[in-house]
Every structure is written in C-alpha cells, then in structure tokens.
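> Below is the structure I would like to discuss, written out as structure tokens.
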Amino acid sequence: MRLMIVGSLEGHISEAGKIALSRGADVVHCEDEEEALGALRSGKGADLVMIDVRRNIAAFIKSLEEERIAVQVVACGLENDAAAAVRAIKAGAKEYVPLPPDAELIAAVLQAAVEERSEMIAGDPAMRPVMEMAAKIAPSDATVLITGASGTGKEVMSRYIHNHSRRKDGKFISLNCAAIPENLLESELFGHEKGAFTGAVARRIGKFEEAGGGTLLLDEISEMHPSLQAKLLRAVQERVIDRVGGREPVKIDIRLIATSNRDLQEEVKKGNFREDLYFRLNVVNLDLPGLKDRPADILPLAEMFAEKYAKDNGLPLKKISKEATEKLKNYHWPGNVRELENTLHRAVLISAENEIEEAAIILSEAPKAAAQKPPSAPSADDGADSAIAALVGSSVAEMEQELITRTLDHCLGNRTHAARILGISIRTLRNKLSQYEKEQKTAAK
C-alpha cells in the first residue's frame, strides 16, 4: 500500500501517516500539490493521496486527470469543517476523513483503497489445470500471456501471479492498452522528457519505469498499434526503453504479463500483430475458460460479489434465495465473471426482500432453459413485430446510438464489457461516444 500525504493541517495529517506506517503502508509526504504532482510524475506512484481539505483539491484532481495519473484522492479536515468536506467531495475527492485521526478509520480507508479482488475462486474442475500451471510459473520471472474472453478474470489472474511471485513486495502496475488513445500510449508506456511534445510540462516516468522491481500488466495488448509493437518488442528483448524525447536508453527490471481477448495467432495472420512479439510474449500461456464452462464457480462468485457490494454501499448482507440461485445457474453468461459481478451489484442495490430475490437478478438475455422455447410460440412473433414496429421511422445512425448507449448502461458504464457485447473494438466504442458527445454539445449551442 502506497500512501501520499499532501499538506499538514496542524500536523494531524502527519499523525494519520504515522498510523498508516504502523499498518504497513509506504508513506511519502509532500508539502503542496505541485510537489505531489512532481513525485507522481517521477514514478513515486501512490494508491491513495490524503490531502489537506484547505488545498485546491479541484485543481489537483484536474491536473491528475489531464496527465492521466490514476490515483484515489481522500480529503482530510477538522471534524467541524462540514462545508469544506462538501466542497472536497464535489471537487472529486473519494471520501472525507475527519481529523484528529482515528486509527480504525484510517485502517478502513487504507483497506478500501487497496482492496483488490485478487482472491481466485476457482473450484470448478475446468479451472484446475489453469491454476496448477499458474502456481508453477508464478515464482519465476517468465513473461506470461493470459488469454480468454472479456470478463473471464484475466487481471485477477495477473494479480494472483504477482502475489505469488518473488516480486510480490514490489509494485503491480496495470495499463489498459485499449483505454489510452493511440497517440498517447507511447508516453504512458515509456514516459517522456520535458518539452517532448505539446503539453509535456515536465519529465514523466512511464509505466515500465514505475513498475521497476515489480510486475507490469499490459491489458488488452492486441489493441496496440503495430508501429508501437516494435518499440515494445525492443523493451521485452533487451530490457531497455527510450523515453519520448529522450537521448539515453533506460534499463528496466520488471516481470511482464500481457492479456488479450482476441486470438493473437489469428491477429498475426491478419497482419495486425507482430509475430516476433507474439512469440516473445507467449512464453507461458494461460487460457481462462468462460464462466459457462465453470458452473461450479457461479454461486461462490455471486456470494462474494453480494457481500462486497453490500459492504461498499452500507447495506445489510443478504443470502441469495433458492430461486435466484437457480436463475444464476441456468444463465449462460456471455459477459462472464464481469457480467456476474455487475448483475450482483445491481441486485444488492434493488433487492427489496430479506434474501436477494429472483426479480432482483436482471439478465440481459434469456437463460438457457428459456432459449429452448419453440420459435413458433405466439409471444415470440408478437414481440418481434412490436420491436420492428418501434424501429420504423428511425435512421440506422440513431438506432446504432441507441444500441450503444443502452448496452453501455446495462454494463454499468464498463466500456470493455460493452464493446465485447456489441462486437466492436474498445477504440471504436470510444470514438463513437466521443462523436455523440460532440454532437450533443453542438446541438445545445
């Protein structure tokens, strides 16, 4: 756990830092926001920033967003400063912690900040060979390629490997290659020097350097542009990188894990992915089965998610009713574990009974049993006619936008999951959403 303290507030925040140290956190103290940004740019990453509520939190969070530095921000202030607490939350702070600090409260905040669903629930026989292989190769420094459909738990498996490796005390740094615009990904990976391009106001350490001594996860690596794959190949082969605008190569010491929801061999054949890079990454391949192929894990996973989201939302923990359990087991889970998680998150929020009832389990498609219904059933034809009638008068572009926005809403804003369901790349989805936002702004003028 890496904690960054910004400001002092009469020494109370420093006292919170001492409590965090006693709980095993690695603590860095910065006098102001500029010093904090400089430390983050230089690779002194943080899982959580605790900042004096009197600082300019809105500007600080805006700077983090502009420089694409992902870190949670918690505001700290004196107990009676309610107005400042409200301003901090509105500015984007995740929480407000009253001072002087309470040891148990600080411990709870730290735990919430670093809580990672790294526990592997893998009791189904289909997962046994995968887990056996993961346990064998985890202690090594071998590069690992984790494949499987979206939502199967590739990042969770990556964390499992890191936590069982000799680098477990080092950093685990994750970068979603599909979520970063193509023209910015090189800087994110390798860093840049001051003045390397417009907006490069200071030297910025990239993910390769930030993960030094630890593990770097490149999520959805198949989305990386071929021109950047050549530079990644050099980093993997020679263990050196070049910052954008830099003159001297930089040595790196990392373990690399890559994930993909595509068939990379097929992508190689299509010319979308370099064959030499594929072989460099595919030292060990772990292929994760879909949730429908590991039915024994459905209920344990559902119970874990139900407990998590009940705690997160301050709601009483509920058991999953027998009827809801059957509904979960009979569904074929096209979105895999991620869809199950979203389903239980929603169920916890809307459940109105003493147990999570069947009605609270809202699924996007019919379960397997219902899918066997004869196509000649009257309700199917009637429903199809009604659906077609509702589309008449709409343009293809309008229907496309409606489909995309509804799918994104169903996925609770998860773009990767939505893109998989829609059958498009995350880059295409991002471009579409950007287009809709621009059209909306134009129409509002």
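The values are calculated or read from the model by the stated rules, or taken from the named source; none is laboratory data. This one's a predicted model, so the numbers in the text were calculated from it and none came from an experiment. When we count neighbours, we look across all protein chains shown, and the Cβ atoms used for this are built from the backbone with ideal geometry, even at glycine.
> So how many residues does the stretch 8-36 have that are free of Cβ contacts under 8 Å to residues at least 60 places away in the same chain and not polar (S, T, N, Q)?
Counting residues in the stretch 8-36 that are free of Cβ contacts under 8 Å to residues at least 60 places away in the same chain and not polar (S, T, N, Q) gives 17.
> Considering every residue within the stretch 264-283, establish whether at least one is in contact with a strand residue (DSSP E or B) (Cβ under 7 Å, 6 or more places away or on another chain) and part of a strand (DSSP E or B).
no
> Right, here's the next one. What tally of residues in the stretch 334-348 results from selecting those that are within 12 Å of residue 361 (Cβ to Cβ) and within 20 Å of the chain's Cα centre (by Cα)?
Count: 7.
> Additional query: Taking the stated definitions as given, is residue 272 more than 21 Å from residue 69 (Cα to Cα) and buried (at least 20 other Cβ atoms within 10 Å of the Cβ)?
no
> In the stretch 16-38, which residues are crowded, with 18+ Cβ neighbours inside 10 Å and of a type outside the set (Val, Ile, Thr)? So that I can check it myself, show each step before the final result.
Residues of the stretch 16-38 crowded, with 18+ Cβ neighbours inside 10 Å: 16-17, 19-20, 25, 27-28, 30, 33, 36-37.
Hits for the stretch 16-38 are 16, 17, 20, 25, 30, 33, 36, 37.
> Is one or more of the residues making up the stretch 326-333 at pLDDT below 95, under 25 Å from the mean Cα position of the chain (by Cα), surrounded by fewer than 18 Cβ atoms within 10 Å (Cβ to Cβ) and within 21 Å of residue 153 (Cα to Cα)?
Yes, because at least one residue in the stretch 326-333 is at pLDDT below 95, under 25 Å from the mean Cα position of the chain (by Cα), surrounded by fewer than 18 Cβ atoms within 10 Å (Cβ to Cβ) and within 21 Å of residue 153 (Cα to Cα).
> Six or more apart or on different chains, Cβ atoms under 6 Å: show the pairs whose first residue is in the stretch 171-198 and in contact (Cβ under 8 Å) with a residue 12 or more places away in the chain and in a loop (DSSP other than H, G, I, E, B) and whose second is buried (at least 21 other Cβ atoms within 10 Å of the Cβ) and of a type in the set (Gly, Ala, Ser).
171/211; 191/206
> Within the stretch 123-140, can one find any residue that is under 25 Å from residue 415 (Cβ atoms) and touching a residue at least 24 places away in the same chain (Cβ under 8 Å)?
Scanning the stretch 123-140 turns up no residue that is under 25 Å from residue 415 (Cβ atoms) and touching a residue at least 24 places away in the same chain (Cβ under 8 Å).
> Restrict the check to the stretch 194-205 and report whether at least one residue is surrounded by fewer than 18 Cβ atoms within 10 Å (Cβ to Cβ) and over 22 Å from residue 67 (Cα atoms).
No, there is no match, as no residue in the stretch 194-205 is surrounded by fewer than 18 Cβ atoms within 10 Å (Cβ to Cβ) and over 22 Å from residue 67 (Cα atoms).
> Filter the stretch 178-214 down to residues that are among the hydrophobic types (A, V, I, L, M, F, W, C) and over 25 Å from residue 237 (Cβ atoms) and give me whichever is nearest to the chain's Cα centre (by Cα).
Result: 179.
> Another one. If you check residue 243 against the conditions, is it modelled with pLDDT under 90, more than 27 Å from residue 431 (Cβ to Cβ) and surrounded by 15 or more Cβ atoms within 10 Å (Cβ to Cβ)?
no
> Could you list, in sequence order, all residues of the stretch 72-94 that are buried (at least 19 other Cβ atoms within 10 Å of the Cβ) and part of a strand (DSSP E or B)?
Within the stretch 72-94, 73, 74, 75, 76, 77 qualify.
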